[in-house]
Amino acid sequence: MLWAVVGAVVASAAWAAGVFLIGAAANAADLRGYTAPSDLCSRADYGSFKDEYTASDSTPTHSSLKDRALDESYCSASLKKSGSSYADAYLSLQVDLHKKTDPAPEFTATWKNYERTHTGYDVGAVEDIGDEAYLVTQDTTTGTSSTGSRYATLAVRDGWVTYTMTYSAYLSSYDPDKDPPRIDEISDWLKTDTRNTLERLKN
């Protein structure tokens, strides 16, 4: 009888351990080989913008975070056309490795519904980048005015990794003799450079 009881206890413990390990494996962070480098500016690709902005920032700013729950890298760069004294446009890039919680539900809620919470923006799903991606754009320029802006963000989730690349240009600070690129051009550049950057961040 005693051996039967001991056997039952051992079997129960083994079953519990198995359930725990299976549950732990199911909840493991799905990082897919990505890394968050200490200097995202030097690892990221934004070469698509360099034909337009030939005097781009040679010293972009960057920061990074390493934590048990999150690895994060950020880069900010100013873009200048040839002959411009000041920045004509700006880029910001950020990659987040979520190591404790799946970002999928909040990512979808934030970006899919962006135009519902931010007036004047357009949102569209982008195919063939990560598990899901959204392009958010806004153009408040009139073509002849010195006011307004052009803005675009490409937000991507791949597993438990999220990445955003944002472009912004303000006509009040833009060279008055030069127009910023069109939203469709900016969107294509963001897609190309994001694909390249995500590949680089896996190496």
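The values are calculated or read from the model by the stated rules, or taken from the named source; none is laboratory data. The shown structure was predicted, so the numbers you read here are calculated from the model rather than taken from an experiment. So basically every Cβ, Gly included, is an ideal-geometry build from the backbone, and we count neighbours across all protein chains shown.
List of remarks:
- Looking across the range 122-150, the residues that are touching a strand residue (DSSP E or B) at 6+ places or on another chain (Cβ under 7 Å), under 21 Å from Y170 (Cβ atoms) and without any contact (Cβ under 8 Å) to a residue 24 or more places away in the chain come down to D122, Q138, T140, S149.
- Condition met for T137 (closer than 30 Å to A104 by Cα, in the same structural domain as D45 (by TED's automatic domain parsing) and either buried (at least 18 other Cβ atoms within 10 Å of the Cβ) or polar (S, T, N, Q) (or both)): yes
- Sole residue being in the same structural domain as A55 (by TED's automatic domain parsing), within 19 Å of E52 (Cα to Cα) and crowded, with 17+ Cβ neighbours inside 10 Å, chosen from A169, A155: A169
- A count restricted to the range 173-203 and to residues that are modelled with pLDDT under 90 and not aromatic (F, W, Y) stands at 8.
- Residue count for the range 85-127, restricted to those that are in contact with a Lys or Arg (Cβ under 9 Å, 6 or more places away or on another chain), more than 29 Å from D51 (Cα to Cα) and loosely packed, with under 12 Cβ neighbours inside 10 Å: 1
- Failed item, numbered, when V126 is tested on (1) more than 24 Å from T35 (Cβ to Cβ); (2) within 19 Å of the chain's Cα centre (by Cα): (1)
- The one condition in (1) free of Cβ contacts under 8 Å to residues at least 60 places away in the same chain; (2) at positive phi that G33 fails to fulfil: (1)
- Residue within the range 41-52 that is farther than 28 Å from T101 by Cβ, of a type in the set (A, V, I, L, M) and out of contact with any Pro (no Cβ under 8 Å at 6 or more places or on another chain) present: no
- Complete set of residues in the range 64-82 that are crowded, with 17+ Cβ neighbours inside 10 Å and among the hydroxyl-bearing types (S, T, Y): S73, Y74, S76, S78
- Residue count for the range 147-181, restricted to those that are under 22 Å from E106 (Cβ atoms) and among the small types (G, A, S): 3.
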